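Colleague: Pasting a structure below so you can have a look.
Please treat every number below as a calculation from the coordinates, not as lab data. Every value quoted in this text rests on a predicted model; they were computed, and no experiment measured them. With ideal geometry, Cβ positions are generated from the backbone for all residues, glycine too; neighbour counts draw on all protein chains shown.
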Amino acid sequence: MTNNTSVQPRATQLLFLLIAFMLAFDAPAHAGGPVVWQTDSREDLLKGEAHGVSVTDTGALMLAPRFAQMFDTEQAYIWSSTVDPAGNVYLGTGHDGRIYKVAPDGKGALLYDAPELDVTALVVGRDGALYAGTSPDGKVYRIGADNKATVYFDPPDKYIWSLAVLPDGALAVGTGDSGKLYRVREAGAKPETSLLIDINETHVISLAVDAKGNLIAGTDPSGLVLRISPDGKAFALFDAPLREIHALAPAPDGSIYALALGDAATAARPPTPAANPTTPPTASGNAQGTVVVTSNVVVDESGAQAQPFGQPQAQSRSRNDLQNARSAVFRIQPDGGTDVLWSSTTINAFSVASAPEGRAVLIGTSDKGRIYSVTDDGRDTLLLQSTEDQISALVARGREVFAASSNQGKLFRLTTETVSEGTYESPVRDARVVAAWGRVWWQGRGAVELQTRSGNTERPDMTWSDWSAAYREPAGAPVLSPRARFIQWRAVLHASTASGSDARVENVSVAYQPRNVAPEILSITTLPVGIALQPAIQVQTDPNIEAAGFDPGLISPVPQVPPRRLFQRGAISLQWQAEDRNNDTLEYAVYYRALSESTFHLLKEHQRENFYTIDGAALGDGRYVFKVIASDAPDNAIDAALTGERLSEPVDIDNTPPVVRVAGDAQLSGDRVRVRFQTDDGTGIIKRADVSIDGGAWRTVIPEDGIADSPHETYALDLPITGAGEHTISLRAFDASGNMGSARIVVRK
């Protein structure tokens, strides 16, 4: 007895804890109760707009590193960049083939305007000169201290994809379409050129020199990372499952970060003025390289099916799953092991650089011009979001990182110092109907403010309300924005210390009450006569859950199994489709009336199935109209429930079989007999008739006028009979409702 009394309260507590925990999930919208829009995951936060704000791998907002614009080339694209020991940054652009020099103070100027379309590779040599590779039908130019450019190397290859300076000061040149790697070195008045290796690949896309002075090459289309010895011997460090090694970044610990692109990110040919203007050049070009993202993503989960408790809200994906990856970053360790640090099926990454603090890689993408920081153990942080479409080149110098963007072509400086203020705008929430806003609350610390705005257009515009006054209490405050269908929140983070690291926001929740909207019956369908509908066997739900006011679908979703169909003579079955914009549970009432009457009569009410079968014999012959009324009462207060209704098309009910009779005497002629039958149906039409001789198989017969389409049909039959004695000829007729009548005649031969 003692055990029972102690277990019961504990079980009750666990039940309420379970319910409270599950209510934290973003449940489907019901007008009968409030909805909580919770933004608590990194995936949700990445749908918004971050300016001066980082999104951590655990789904928290923090102030981002300082990211300042240094120079605007006023060109559309920057394909390549490099930095010299003095801190000058060089930018190679397209499609005007220009090279810009930007001083450490941000002052920049045109250095050289090449005759080719694109400057696809840049490197500073041991002699301090700048070497530039151009495409297509390109050359390697040398630009000395006098800022004069001369042709340094003119290979027969179409593309100059990559350049690197070897330990002995020679220049390594990677080309395409023939996939050759050249060594060019100073030898008096004229450079000495030699083929280092023909790697049997179409393109040598990327080159780098590791900490030990080894030349590392990335190829297309086999996705190889090769170590090239001074005598031209290639050793494959890694064979990537993606086709192109687009960029390489050696790390201080001797490992190598390799950025690979898949087929979806390398679908076209090399860059030309006709190529996609938002895509950095790749070996295969990239007509599909940019993900176009609008400024605000609209999130509508108010009508989504709730997930079972204990299961994820979305199918998770491992970064090691590269089957449909657009891009991925691999870490090739000094001992030869390889790890997948980052991959995406939707984002194209175009640049990598080893992070200044080490043990991490920076990845520049076409995802809103974002830069991600990924640690060597795969922890992925959205470091910052730029003002341009994509980050096409990254180059590090000491503790500074220079980022070049495309569309527009600008140069930015990234430092480890955090900004003093940053803002984050959430995706737009679609409540599906006009809603009354409740409270907003969050978890965080430091100097943080939240604001909201609302409107009735899908994307924020001049018709939306202004941003509300700031909410400063994480425990919650009433939302001040006016009632509307859409809402959005904004977080403003301020540096509260010198580093600004204290400001942090996560788990933002907004409660709202959708306006109740009447359900609607979209259509009513009448099945052919004789088809009855029967509910399929459903999984039984614990009645205590629903009695407690909790949605059983969150515990064990009930599958929507269509009803079973079976034959029932004279059955009339109705099926209907209904919708409720609040996603409320609906119940139905079915009525009927004869076409000649004015009053509807109830057949059944309080039913949850969207179908009903009537026994036709229960109603007299005639034409009837059925009415279905849908009510959202199960999810609303008594005085708040609404209804919607719809009438069916007129339905004919015919329970009386056709009358079949013999018309006149049979006429014998040898082995044949001629007989006539007349059929009459008082309500419908004759649909079909069959004849049988001496109990044999039924054979279809045609009426005298050639088609069975009226209440009265005559059948004149000329039939064979064999053998002397009596013979029985039977005819059966069916009307449109499946009723059957029959008659027979006996003839003697």
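Colleague: Output the pairs from 158/180; 212/233; 180/410; 190/233; 139/233 with a Cα-Cα distance over 21 Å in this structure; if there are none, say none.
Modeller: Over 21 Å Cα-Cα: 180/410; 190/233; 139/233.
Colleague: Determine the gain in length on full extension of the stretch residue 638-residue 345; use 0.36 nm per residue of separation and subtract their C-alpha separation, reporting nm with one decimal.
Modeller: This chain segment gains 100.6 nm when fully extended.
Colleague: Separate question: Rank the residues 37, 576 as a footprinting-exposure proxy: fewest other Cβ atoms within 10 Å of their Cβ go first.
Modeller: Listed from fewest to most nearby Cβ atoms, that is 576, 37.
Colleague: Given the range 45-180, what whole percent of its Cα pairs are spread farther than 23 Å?
Modeller: That tail contains 42 percent of the Cα-Cα pairs.
Colleague: If each residue's Cβ is checked for other Cβ atoms within 10 Å, how do 659, 209, 510 rank with the fewest at the top?
Modeller: Exposure proxy ranking, most exposed first: 659, 209, 510.
Colleague: Here's something else I'd like to know. About the Cα centre of the range 701-740, what is the dipole size in debye to 20, counting +1 per Lys and Arg Cβ and -1 per Asp and Glu Cβ, all else neutral?
Modeller: The calculation lands at about 180 debye.
Colleague: Here's a follow-up. Return the whole-Å distance between the Cα centroid of the range 226-242 and the Cα centroid of the range 646-707.
Modeller: After rounding, the separation between the Cα centres reads 87 Å.
Colleague: Relative contact order (percent) for the range 327-466, with alpha-carbon contacts under 8 angstrom and 6 or more residues of separation?
Modeller: Relative contact order of the range 327-466: 12 percent.
Colleague: What residue among 38, 122, 184 has its Cα farthest toward the positive end of the dipole of the chain, where the charges are +1 on Lys, Arg and -1 on Asp, Glu, each on the Cβ?
Modeller: Working it through, the farthest residue towards the positive pole turns out to be 184.
Colleague: Assign unit charges at the C-beta atoms only (+1 for Lys and Arg, -1 for Asp and Glu), then state the dipole size of the chain relative to its Cα centre in Debye, rounded to the nearest 20.
Modeller: For the chain, the charge dipole is close to 440 debye.
Colleague: Compute the helix-to-body angle for 2-23: its Cα long axis versus the longest principal axis of the chain, expressed 0 to 90° and rounded to tens.
Modeller: That helix lies at roughly 70 degrees to the long axis.
Colleague: Still on this structure, please answer the following. What aspartates and glutamates sit close enough to residue 107 to cross-link, taking a C-alpha to C-alpha distance under 12 Å and skipping anything fewer than 8 places away on the same chain?
Modeller: Here the aspartates and glutamates satisfying the reach criterion relative to residue 107 are 72.
Colleague: Within a 10 angstrom radius of the beta carbon, how do 580, 639, 430, 321 rank from fewest other beta carbons to most?
Modeller: So the residues, fewest neighbours to most, are 639, 321, 430, 580.
Colleague: Can you tell me, using C-alpha contacts under 8 Å and at least 6 residues apart, the relative contact order of the chain as a whole percent?
Modeller: 11
Colleague: Once you have the alpha carbon radius of gyration of the range 659-748, what is it after dividing by 2.2 N^0.38 Å, with N set to its residue count?
Modeller: For the range 659-748, the normalised Cα radius of gyration comes out at 1.06.
Colleague: List the extent of the Cα atoms of the chain along each of their three principal axes, largest first, rounded to whole Å.
Modeller: Result for the chain: principal-axis Cα extents of 127, 79, 60 Å.
Colleague: A further question follows. Residue by residue through the range 347-359, which ³J(HN,Hα) values in whole Hz follow from phi under the Karplus form 6.51 cos²θ - 1.76 cosθ + 1.60 (θ = phi - 60°), with glycine and proline marked x?
Modeller: Karplus values, whole Hz, x for Gly and Pro: 9, 9, 9, 10, 7, 9, 8, 5, 5, x, 7, x, 6.
Colleague: Would you pull out the residues with amide H under 5 Å of residue 199's amide H, same chain only if 5 or more places away, H placed 1.01 Å from N?
Modeller: 181
Colleague: Work out the charge dipole of the chain with +1 on the Cβ of Lys and Arg and -1 on the Cβ of Asp and Glu about the Cα centre, then indicate which of 237, 396, 563 is farthest towards its positive end.
Modeller: The listed residue farthest towards the positive side: 237.
Colleague: With the contact rule set at Cα under 8 Å and sequence spacing of 6 or more, what percent relative contact order holds for the range 659-748?
Modeller: 34
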